[in-house]
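The values are calculated or read from the model by the stated rules, or taken from the named source; none is laboratory data. No experiment lies behind these values; they were computed from the predicted model shown. So basically every Cβ, Gly included, is an ideal-geometry build from the backbone, and we count neighbours across all protein chains shown.
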Amino acid sequence: MEANIQKYNLDNPAFYNNRELSWLDFNYRVLEEALDPNNPLLEQLKFLAIHSSNLDEFFMVRVAGLKDQVKMGFNERENKAQLTPTEQLVGIEQKNRENVELQYKRFNELKEQLKSYNIFITQPERLNDTLINQLNEQFNLEILPTLSPLGIDAYRPFPKLNNKMLNLFVDIQLTDGEIKSAIVPVPTLLERIIKLEHEGNKYIVFLEDVILYFIDQLFNGFEVINTYTFRVTRNADLTIHEDGAEDLLIEIERFLKERKSGAAVRLEIDSRHINADVKSLFLMNEIEITEKDIYRVNGPLDLTVLFSLVGQLEDLFPELLYKPYTPQVPQALSDHNIFDLALKKDIFFHHPYESFMPIVDFIREASEDPDTLAIKQTLYRVSSDSPIIEALKNAAENGKQVTVLVELKARFDEENNVQWAKRLEDAGCNVIYGMTFLKTHSKITLVIKKVQGKVTTYVHLGTGNYNDKTAKIYTDMGIITTNPKIGEDAINFFNYLSGYSLKPEYNELIVAPFEIRDFFVELLDQEIQSHKKHGNGLIIAKMNSLTDKKVINKLFEASQCGVKIKLIIRGICCLKPGIKGVSENIDVISIVGRFLEHSRIYYFHHNGDEKMYLSSADMMTRNMIKRVEILFPVLDQEYVKRLMSYLNLQLNDGLKGRIQNSNGIYEYNQSGNKEINSQDMLMKEAMTFTKFEMNNQIKIGKPMTSKRNSMFNRFKKKFKK
């Protein structure tokens, strides 16, 4: 066996997928959901919007980073698929152009389908005179006063165009025949979707199209000879100068100002208003991009606007959405008091199938309980009106010792987190901002209470953010425990983050940087040795992305030894499965559906001595080396069995699962059960449990008077109705 392992050079680029191209494959799977007729019509539109939102961030960060490398003359090959930055950009352009073309083709198809519901997404020139008159009045009263045409000449230089904002480019001919150009920014505070009604039909036109239709009114006395809508995407991954900052919060605020004017990385043009032979040379030169960076599309720019469109149509056409789903009472909690039950056993949560409210209540009740001594928590991304923030402020105002790590470097949430940090500080919380050169991505809350005169630690550990909004659409897991060893670990973890001390030696928690990757390698080695003795090696891992070469090589080694490896990876996967002699014992499945698969689960069979872990970390180099992450064990065998059932359900998903083949191409899971949509089944399971519990409570007439059971009472009242 050892000789066979040595036979293969694991640096062979044929064994790997490039990180960026693998991400584009993931975004294509998102796009496939917009092509799936089994998804309701408005949900298909949402997936088009998600595809656009994902792509914006990809260009602002990943493409921008590659372009910076090219500009600096960096031409080293990445360590897996062995592509240079230039080769990656070429591959991205080719693959992404195909995706974007398909995206707009689907958008135009869905526009046609909306007509059967008397909804017409159209352009002003296709409206009748009655509606044109309505638009003209609205333009003159509401839109025209907000417009600022910006001429371009020696006295009026080319304007600085903000990232992702819509603009109109206009060529006009002066009376002497000279051609001049101007930019008209589309106002961001006006509603982009304009709705009109006539004879029972609903017409949707976009603000930029209305401005273009009446553009002559902005250039009285001159002939407008060419107009089109365009949008510039800029580099948003600028450097935060942590080491030289006296106050990171001030440095972040400076960084946010700079981000708006980063180098251009993409130019999008709405080609419906421009002749095919019209070149954009002037615009290209001004924003310093090449033809390869231009995307001309057959439709409105920035399809994230479809989120707003769906929001305006959903009340009129609820049948065109997924059936409403309310997160249910957690099975492990039922009608128990969370603090009382945690003293007896660990409590497991699975969101969004089960409600996130018990986690909110856990912190809120701790903030009000006179027996609470301290609350400590890490925050990475929270909602704009977070009840958790309010609970933490309340705790500090009630005299509790409150320490909160607010990660100011959470990409695209920096401004939000700066504001939360200020508010928490004003309320009397001890606020820290993380660690130099590391992002704190771990999800942990520590509540310290006196219970019957004894100081007791309650710890919540999770795979997802403390965000009550995303908890309704992201699949995540968590555990509340009073395990004294984990409590000691939590105390040491927070003291290490907030003060000055050597990195602790933990009892149960495995903490990145570095430790998580080393621990994974150790577990993989143990599984290999166990398989050599017993022949029953099995690894199942669920994560968002797999990129770390050291871990991938160890997975290859385990596969070569015969260990069965099943990977559930939503997004990037740099490993190619099914290659004879290298990865033939590895299966990779990706599930993209109604909810964003976000939980991280790691299982190692170890000849029946099963090891199950949950984590905030993916098997990505950045997570394991450049972030503060936590991997934590599932110690209750009841939950280990429940997680195994869940993993097997996802592996058999024949409706939303896609299998990666040995060429790195994803295809629908033909070997899966065509009756299994794992997310739908988990919703049904959660509702069945709640219905059973409600029936049982009603049957036995069990009193539920405690305010701490308010959530369960709400479900009870809803069920009785």
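Yes/no matrix, rows are residues, columns are (1) more than 30 Å from P318 (Cα to Cα); (2) exposed (fewer than 13 other Cβ atoms within 10 Å of the Cβ):
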| residue | (1), (2) |
| --- | --- |
| F47 | no, no |
| D56 | no, no |
| G65 | yes, no |
| V70 | yes, no |
| G91 | yes, no |
| V100 | no, no |
| Q103 | no, no |
| K115 | no, yes |
Legend entry - Condition met for S662 (surrounded by fewer than 19 Cβ atoms within 10 Å (Cβ to Cβ), among the small types (G, A, S), outside any helix (DSSP H, G or I) and touching a residue at least 40 places away in the same chain (Cβ under 8 Å)): yes
Legend entry - Number of positions in segment 627-686 that are of a type in the set (D, E, K, R) and in contact with an Asp or Glu (Cβ under 7 Å, 6 or more places away or on another chain): 2
Legend entry - Flag for N133 being under 35 Å from the mean Cα position of the chain (by Cα), exposed (fewer than 15 other Cβ atoms within 10 Å of the Cβ) and either outside the structural domain of L55 (by TED's automatic domain parsing) or over 30 Å from A64 (Cβ atoms) (or both): no
Legend entry - Inter-residue pairs, beta-carbon under 7 Å, first under 15 Å from E137 (Cα atoms) and in segment 201-214, second of a type in the set (K, R), 6+ apart: L207/R192
Legend entry - Breaking point among (1) closer than 18 Å to K443 by Cα; (2) at pLDDT below 95, for E508: (2)
Inset, instruction - Name every residue in segment 529-547 that is crowded, with 21+ Cβ neighbours inside 10 Å and in a helix (DSSP H, G or I), in order of residue number. - result: H531
Inset, instruction - Tell me which residues, restricted to segment 506-535, are β-branched (V, I, T), in contact with an Asp or Glu (Cβ under 9 Å, 6 or more places away or on another chain) and under 18 Å from H606 (Cα atoms). - result: I528
Inset, instruction - Search segment 403-451 for residues being surrounded by fewer than 21 Cβ atoms within 10 Å (Cβ to Cβ) and among the small types (G, A, S), and hand back the single one that is nearest to P484 (Cα to Cα). - result: G428
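One line per residue, one yes/no per condition, for (1) in a helix (DSSP H, G or I); (2) in the same structural domain as E638 (by TED's automatic domain parsing); (3) surrounded by 18 or more Cβ atoms within 10 Å (Cβ to Cβ); (4) in contact with a Lys or Arg (Cβ under 9 Å, 6 or more places away or on another chain):
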residue	(1), (2), (3), (4)
E268	no, no, yes, yes
I289	no, no, yes, yes
L301	no, no, yes, yes
F307	yes, no, no, yes
Q312	yes, no, no, yes
L333	no, no, yes, no
Legend entry - Of residues in segment 230-243 being modelled with pLDDT under 95 and polar (S, T, N, Q), the one farthest from K160 (Cα to Cα): T239
Inset, instruction - Could you figure out which of (1) surrounded by fewer than 15 Cβ atoms within 10 Å (Cβ to Cβ); (2) assigned by TED's automatic domain parsing to the domain that holds H441; (3) under 30 Å from the mean Cα position of the chain (by Cα) isn't true of T463? - result: (1)
